[in-house]
Amino acid sequence: MGKDARTIEALLKENRSFPPPPAFAAAANARDNDLYREGESTEEFWGREAARLHWFRRWDRVLEWDYPLAWWFNGGTLNASYNCLDRHVETWRRNKAAIIWEGEPGDAVVLTYRDLYREVNKFAAVLRSLGVKRDDRVAIYLPMIPELPIAMLACARIGAVHNVVFGGFSAAALRDRINDIGAKILITADGGFRKGRIVGLKESADSALDGAPSIERVIVAKRTGERVNMQPGRDLWWHELMAAAPLYTPPEHMEAEDPLFILHTSGTTGKPKGVVHTTGGYLVGTATTSHYIFDLKDEDVYWCTADIGWITGHSYVVYGPLANGATVLMYEGSLDYPQPDRSWQIIEKYGVTIFYTAPTAIRSFMRSGPSYPARHDLSSLRLLGSVGEPINPEAWMWYYNYIGHRRCPIVDTWWQTETGMILISPLPGLTPLKPGSACRPFPGIEAAIVDERGEPVPRGKGGYLVIKKPWPAMMRTIFGDPDRYVNQYWNRIPGYYFTGDGARQDEDGYFWLLGRVDDVINVSGHRLGTMEVESALVDHPDVAEAAVISREHEIKGQTIVAFVTLKDNVQATPELARKIKEHVVEKIGALARPDDIFFTAELPKTRSGKIMRRLLRDVAEGRALGDISTLADPATVAKLKKAYADEA
Ligand code: PRX
């Protein structure tokens with residue numbers, strides 16, 4: 001521990017830089033500084049990169065930009081599943097592994113490109129036979145099993161829009177998402193494995209469907225073999241449908257701007273937003289960044305640990321790598337189950353060469369100690385990645401030393417559900433790395449740090465991170481709420497895309513991300529809105545008012561702390577706190593469970609009625625008011641008020 005503390009000290013003081021290893025640099029996909037050609041414009045650059053895809057019809061214009069709306073590759077037609085499958089099957093890659101899948105219990109399946117192509121074609125036919133047409137929405141609520149990417153690609157093949165709902169979300173959250181988009185079909189499973197336990201997805205799905213009238217059919221994949229309720233006339237087994245399915249389904253010729261998927265993400269209001277991504281720009285953006293940032297080669301075994309239910313899984317487990325013909329490792333379960341060395345065992349077993357994970361995972365690996373990775377041969381690794389939250393320099397160094405053995409560059413990739421693709425990241429063969437910095441914007445991306453009025457802030461000073469120009473994989477709208485899209489992202493700081501993140505740039509122009517500047521909390525790399533959790537809290541019959549804030553956490557980055565006032569005559573007890581936490585889990589999912597609930601007689605508010613979150617944060621982190629126990633007494637409230645009065 002003492003040694004680690006010294007390491008942090010050292011890091012805070014020095015500005016170390018790690019140049020790319022020469023052998024890596026010599027063979028890297030991104031070699032030419034900037035990747036631009038002499039005199040090339042952003043549009044020309046993206047137009048050139050778009051040629052890495054197969055287009056049924058070439059686009060007329062790379063970009064049409066009518067602020068704040070953008071159309072990329074208008075006039076072009078393509079199909080995402082064709083790009084991820086058919087064109088590889090036509091080459092030697094037909095027998096290359098597309099997906100190496102390992103289940104949590106240790107079972108494994110390898111799907112070659114041809115296998116995956118077959119399954120996707122068949123499942124596309126199944127969807128068609130159930131009446132799914134172009135533009136219909138299909139909800140997918142599956143564990144990390146091969147059926148998940150198969151279902152997504154099958155939707156893409158016939159032009160249906162998929163809406164994947166992370167398997168950790170609750171029935172209520174699934175219901176809200178289905179209703180938000182009016183999905184016609186739900187694809188789920190009899191369950192999944194997580195930390196040795198069975199997650200009952202079908203049960204949740206059944207409860208979600210009580211109140212989701214748009215769903216006509218439910219397709220159930222068999223994973224655990226648990227007995228589940230199958231509603232006659234509504235529920236159908238995946239394997240039975242597939243047994244009778246034809247082997248080929250022609251891919252729809254989609255317009256570049258046709259929607260590919262909707263993925264919900266949390267924002268500053270109580271209701272998650274359905275982020276809409278379209279086909280052409282999204283695929284160009286994810287395929288291009290996968291090629292240059294992950295340096296994908298045909299020999300690689302690439303493992304991104306994100307669940308496909310999040311944007312990282314969409315862009316960098318499914319679409320980006322498969323569009324590049326890569327071999328993708330997909331793992332069902334928890335990274336530390338049954339032992340803290342599960343990840344290292346998987347890397348050794350399959351010879352993983354590229355490993356992309358989240359800082360929260362790295363910090364929990366650190367906690368279990370370097371002896372776990374030391375037991376395994378990690379020499380196959382050549383590149384590491386990080387995503388989801390700022391990586392602290394200490395975790396960066398640990399990752400670099402104990403996992404990469406000082407040989408592997410680390411790409412710290414900054415992006416969002418809304419951006420669709422990585423926007424700020426090192427290029428592993430070109431960029432000297434600084435621990436804790438996401439380094440520089442990707443070629444073609446113009447990022448800046450500005451103040452409230454959109455004026456640039458000087459180097460070294462913190463401000464709002466904005467993007468100044470459109471990029472191909474940018475979200476196009478919020479499903480059903482185009483005004484909210486314009487207001488939230490483009491009207492906050494007029495002229496620019498507002499990311500909601502704070503950042504600063506150092507003297508070398510490197511970007512250092514500072515976390516969210518809005519009411520979004522990042523728990524273990526998962527985004528949650530404070531309002532969303534507050535809505536779940538006040539939904540409990542005993543709760544009158546609630547205020548949610550984040551507290552720093554060693555492993556998770558941030559955790560949720562809730563301040564709650566109770567209705568008249570309700571007793572504040574530890575048992576009630578537990579029940580209220582459980583209620584949040586039921587409304588959203590386990591990821592939203594508050595770490596602590598503080599009962600108070602009143603919430604500190606400004607005269608205009610705004611809750612003073614900063615004050616609550618001080619209370620929660622024990623700063624202003626010293627130690628407080630789970631049950632805050634009225635004196636604490638008095639102190640809260642006094643602190644407020646002193647400040648006002
Ligand atoms: O705050 C930033 C943080 O995660 C947010 C986006 O969350 P989400 O849409 O769920 O997508 C996560 C995966 C792309 C951002 O606004 N974030 C993501 N990557 C980084 C990051 N913060 C710092 N450094 C990163 N590399």
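The values are calculated or read from the model by the stated rules, or taken from the named source; none is laboratory data. Not measured: the values here are computed from a predicted model. All Cβ positions, even for glycine, are placed from backbone atoms using ideal geometry, and neighbour counts span all protein chains on display. Accessible surface is based on the protein model in full, side chains and every heavy atom, while ligands, DNA and RNA are left aside. Shrake-Rupley method; radii C 1.70, N 1.55, O 1.52, S 1.80 Å.
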Next item on the list: Sort the following peptides by mean Cβ neighbour count (other Cβ atoms within 10 Å, averaged over residues), highest first: 124-131, 79-86, 386-393, 502-509.
Entry: 79-86, 386-393, 124-131, 502-509
Notebook entry, point to check: Can you tell me the accessible area per residue over the chain, all protein chains present, probe 1.4 angstrom, in square angstrom?
Noted result: 39
Margin query: What are the ³J(HN,Hα) couplings of segment 408-415, residue after residue, when phi is run through the Karplus curve with 6.51, -1.76, 1.60 and θ = phi - 60°? Round to Hz, x for glycine and proline.
Written below: 9, x, 10, 9, 8, 9, 9, 5
Next item on the list: Would you mind checking which residues have amide H under 5 Å from F598's amide H? H placed 1.01 Å from N; only 5 or more apart, or other chain.
Entry: A562, F563, V564
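If I stretch the segment between E90 and S129 completely, what's the gain in nm (0.36 nm per residue apart, minus their alpha carbon distance), one decimal?
11.4 nm
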Note to self: Can you work out the Karplus-derived ³J(HN,Hα) for every residue in segment 384-393? Use 6.51 cos²θ - 1.76 cosθ + 1.60 with θ = phi - 60°, whole Hz, and x for glycine or proline.
What the structure shows: 10, x, 9, 7, x, 6, x, 9, 6, x
Margin query: Could you work out what % of the accessible surface of the chain is carbon and sulfur, using a 1.4 angstrom probe and leaving DNA, RNA and ligands out of the count?
Written below: 49
Next item on the list: With θ set to phi - 60°, apply the Karplus curve 6.51 cos²θ - 1.76 cosθ + 1.60 along segment 248-261 and write out the HN-Hα couplings as whole Hz, x wherever there is a Gly or Pro.
Entry: 9, 10, x, x, 5, 8, 8, 5, 3, 8, 5, x, 9, 7
Checklist line | Residues whose placed amide H lies under 5 Å from that of G333, excluding near-sequence neighbours | finding: E104
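Return an integer: the convex hull volume of the alpha-carbon atoms of segment 212-305, in Å³ per residue. Before the final figure, lay out each step's value.
Details: hull volume 23.7 nm³, N = 94.
Given the Cα convex hull of segment 212-305, per-residue volume reads 252 Å³.
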Next item on the list: Grab the beta carbon distance between R484 and H376, set R0 = 60 Å, and tell me the FRET efficiency rounded to 0.05.
Entry: 0.80
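Compare the peptides 569-577, 169-177 by average per-residue count of other Cβ atoms within 10 angstrom and give them in order, highest first. Please list the in-between numbers first.
Values: 569-577: 13.0, 169-177: 22.2.
Per-residue mean Cβ counts within 10 Å order the peptides as 169-177, 569-577.
How large is the helix-only mean residue ellipticity at 222 nm for the chain, computed as the sum of -39500 (n - 2.57) over DSSP H runs with n ≥ 4, divided by its residue count, in deg cm²/dmol to the nearest 500? Don't skip to the end; give the middle numbers.
Working: 19 runs with 178 residues, N = 648.
Value at 222 nm, helices only, nearest 500: -8000 deg cm²/dmol.
Cβ neighbours within 10 Å, averaged per peptide: list 322-332, 541-551, 336-346 in order, most packed at the top. Don't skip to the end; give the middle numbers.
Working: 322-332: 23.9, 541-551: 19.8, 336-346: 17.9.
With the highest mean Cβ count within 10 Å placed first, the list reads 322-332, 541-551, 336-346.
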Note to self: If you wrap a convex hull around the alpha carbons of the chain, what volume per residue comes out, as a whole number of Å³?
What the structure shows: 164
Item checked: Most to least accessible of L53, L514, L430 (protein chains only, probe 1.4 Å) -> L514, L430, L53
Notebook entry, point to check: Given H placed on each backbone N at 1.01 Å, which residues far from H553 in sequence or on other chains put an amide H within less than 5 Å of it?
Noted result: Q558, T559
